[in-house]
Amino acid sequence: ECNEAPMVTESVSATAPSPAVESPGLMRRLVHRPLAVACLAYVAALIAVAVIAPIVMPSVIGEHAGDLLASRQGPGMHHLLGTDALGRDVLARLLVGSRVTVVGVAYALVVVLLLGVPMGVAAGFIGGWLDRIVGWLADLTFSVPAIIVILVVLAVYPQSMLAAMITLGVLAAPGLMRVVRSATLPIRKELYIDAAQVSGLSRPYIIARHVLPRVSGAIIVQISLLSAVALLVQTGLSFLNLIVAPPAPSWGGMVADGVTSLVLQPWLIWPPGVAIAVTVVAFGLLGDQVRDASAEGWAAGHRRRRKRAAVTSVAPRAGGRKNSAAALSAPRQDVSALLSVAHLSAALPSPAGSVGVLEDVTFDIGVGEIVGLVGESGCGKTMTAMAILGLLPAGGHVTGGSIWFDGQDLAAGTERELRQVRGKQIALISQDPMVSLNPVFRVGWQLAEALRYHRGLSRRAARAEAVELLRKVRLPQPEVVARQYPHELSGGMAQRVSIARALTGEPRLLIADEPTTALDVTVQEEILDLLRELQRERRMGMLFVTHDWGVVADICDRAVVMYAGEVVERAPLVPIFHEPLHPYTKALLSSNPHYLSGGQDLPTIPGTVPAAGAWPGGCRFHPRCGYATVECRTEPVRIELPSPGRETRCIHYDELIPTRSSERS
Ligand code: SF4
């Protein structure tokens with residue numbers, strides 16, 4: 001602990017970004033753009049005028065507002081923008097008429113927002129049948145000619161601007177819905193959304209606090225553009241005298257008056273025309289500015305993530321591991337069953353139909369026991385972890401077997417039951433801590449949010465406990481870290497925050513999905529030490545997903561080896577290292593750079609892991625196995641029990657035991 005503190009402190013200051021890129025806030029980026037400020041100021045002024053002008057100039061609205069002796073005058077001292085055919089002041093009518101325009105646009109926008117945002121987010125976040133129904137409804141709406149429908153509605157409700165603009169809102173909502181859905185889809189796949197689900201947070205809460213802030217930029221852009229469209233439709237209908245009856249002033253009606261007087265006083269068409277054009281341009285430019293500001297913000301975040309990834313990926317992962325032999329000989333804790341996965345099978349959807357990704361996966365984890373789940377990428381390790389949490393990718397489902405946890409079969413559990421377990425009793429630490437944290441909220445807020453949800457703490461108590469948790473995971477200056485955004489943290493600090501978040505529900509089982517893979521070797525050691533200490537202190541069971549035998553030797557009690565969606569070997573740590581009973585385990589151990597002496601080439605396993613759905617018949621490892629016989633290629637291979645505590649899915653396991661193979665020869 002003493003060695004670690006100075007190094008992490010250094011990383012706090014080393015990674016602190018410049019103020020220009022520190023804030024993820026859209027508004028803060030917008031105010032640095034003069035054009036955006038001008039557009040916002042114009043829209044704000046327009047709204048203010050729409051509210052105030054009809055109050056301070058009520059005489060403009062009346063039937064006897066004009067002076068016929070002063071009709072069709074050009075701009076002058078008494079009438080800055082001249083007078084119309086009835087001698088009414090054009091400027092006053094323009095200001096008062098802005099209310100009709102603003103109210104009409106507001107009607108349409110409220111309807112668009114109320115329909116488009118919830119439906120778009122739900123379709124993108126939940127997917128499946130809901131997405132299909134919403135898409136079908138959108139297609140149906142797109143195929144309807146909007147202006148015809150509005151005219152039909154106005155035939156039923158004459159002069160009703162409310163009916164006309166609500167109809168416009170309903171017909172425009174699918175456009176916003178599609179944009180919001182598209183913006184939600186990639187966010188749905190972000191690990192911090194999975195982390196929030198793992199924390200047990202409800203779906204509406206995750207959508208409100210984690211998804212909506214991320215799609216707000218896209219919504220504002222669309223709303224700006226829709227405002228311009230709504231304004232044009234509203235003024236068009238006013239021009240035709242369909243929604244605002246004379247003598248009430250409206251911009252569209254004023255354009256119509258100007259057209260009538262085009263020969264006698266062509267000036268009359270200019271004031272309302274310019275007002276409409278400037279407002280439409282302001283809405284359009286505001287949308288552009290919001291889009292550019294959003295893109296700028298996320299590009300800055302992307303550059304920071306890439307830079308950090310480049311820094312962490314150059315460090316060797318293998319070196320610096322503690323002596324494996326010493327770790328192997330360390331006493332292990334007594335265990336009793338906490339999680340029992342039995343004959344678990346799962347499938348994912350694909351264009352060709354359902355494809356199995358897990359088959360007959362069986363293993364146990366005891367209280368206070370750490371089990372390593374080992375294998376190459378694509379063997380089903382992460383899929384197993386996600387199946388335990390009930391978080392298989394969209395459309396994925398458990399097709400057989402059971403997942404018993406604390407007397408409850410999670411494989412048969414409902415979403416509500418799983419939410420009671422996730423985060424509270426089973427927590428997850430993911431491979432890339434940075435993407436499992438929401439980039440738009442401060443670290444302390446994210447921890448306090450989980451604490452309030454799981455432990456029902458008050459806002460104040462949750463904030464204090466969040467700082468305490470940051471201290472527990474050995475982050476120096478936890479008060480400072482609590483006020484930072486995720487992009488201000490180094491990889492090691494972010495992983496500590498991720499561990500702190502996993503502890504908010506005081507879980508009994510921790511699933512660590514390659515938690516040290518993205519970290520440099522020194523930080524890996526520190527994180528493993530921290531995990532080991534926390535696990536012993538709280539007597540948590542732990543499923544440690546990894547492809548690194550050094551990590552397994554360092555921290556695990558037992559190992560479960562997976563290949564092509566199956567468990568191929570299970571054993572306590574010492575025997576599996578000294579006497580692997582499956583050729584795949586043996587090959588993996590031989591490929592471990594820890595066991596090479598200088599100048600030796602690193603052995604590799606020929607071929608690659610077959611993709612799900614393309615698993616070979618017989619033993620799935622046979623195309624890559626040096627011990628394969630005809631039997632291996634034709635017969636399904638069952639689990640063998642060579643000795644107490646040992647299990648292998650190999651019919652020739654005895655050839656891997658030196659004494660038995662020499663006896664046979
Ligand atoms: Fe190799 Fe045959 Fe054993 Fe499969 S069953 S691992 S092919 S020896």
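Overview of values
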item	result
Added length on full extension, which subtracts the Cα-Cα distance from 0.36 nm per residue, Thr634 to Ala352	99.0 nm
For the chain, the longest site-free run once GluC sites (Glu not before Pro) in DSSP loop states with at most 15 other Cβ atoms within 10 Å are removed	64-665
Using alpha-carbon coordinates, inclination of helix 459-472 to the longest axis of the chain, degrees	40
Residues Arg203 and Ile55, FRET efficiency given R0 of 51 Å [Cβ-Cβ distance, rounded to 0.05]	0.70
Folded to 0 to 90 degrees: helix 521-538 orientation relative to the chain principal axis, Cα	80
Label point 7 Å beyond Cα of Leu185 along Cβ direction - residues of the stretch 116-138 with amide nitrogen under 18 Å	117-138
Estimated FRET transfer efficiency when R0 is 22 angstrom, pair Leu35-Phe142 (beta carbons, to 0.05)	0.10
Simple Cβ-charge dipole of the chain, Lys/Arg +1 and Asp/Glu -1, about Cα centre, in debye nearest 20	1120
Exposure of Met177 as accessible area (Å², to 10), given a probe of 1.4 Å and all protein chains	10
Solvent-accessible area, 1.4 Å probe, carbon plus sulfur percent, for the chain	62
In degrees, nearest ten, helix 161-188 long axis to first principal axis of the chain (Cα)	20
Rounded FRET efficiency, nearest 0.05, which uses the C-beta distance separating Glu468 from Asp529 and R0 of 22 Å	0.65
Solvent exposure of the chain as accessible area per residue, Å², 1.4 Å probe	45
Built amide H within the under 5 Å cut-off of Ala559, gap 5+	Gly372, Ala571, Leu573
Pairwise Lys count, the chain - Cα closer than 25 Å, eight or more residues apart or different chains	9
Separation of alpha-carbon centers, the stretch 120-199 and the stretch 353-392, rounded to whole Å	38
Highest to lowest packing among 100-106, 586-592, 457-463, scored as the average C-beta count within 10 Å	100-106, 586-592, 457-463
In nm, spacing of pseudo-spin labels at Asp601 and Ala245 (7 Å Cα→C-beta vector)	9.4
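The values are calculated or read from the model by the stated rules, or taken from the named source; none is laboratory data. Computed from a predicted structure; not experimentally measured. In this analysis, Cβ positions are derived from the backbone assuming ideal geometry, glycine residues included, and neighbour counts consider all displayed protein chains. Heavy atoms of the whole protein, side chains included, go into the accessibility calculation; ligands, DNA and RNA do not. Shrake-Rupley method; radii C 1.70, N 1.55, O 1.52, S 1.80 Å.
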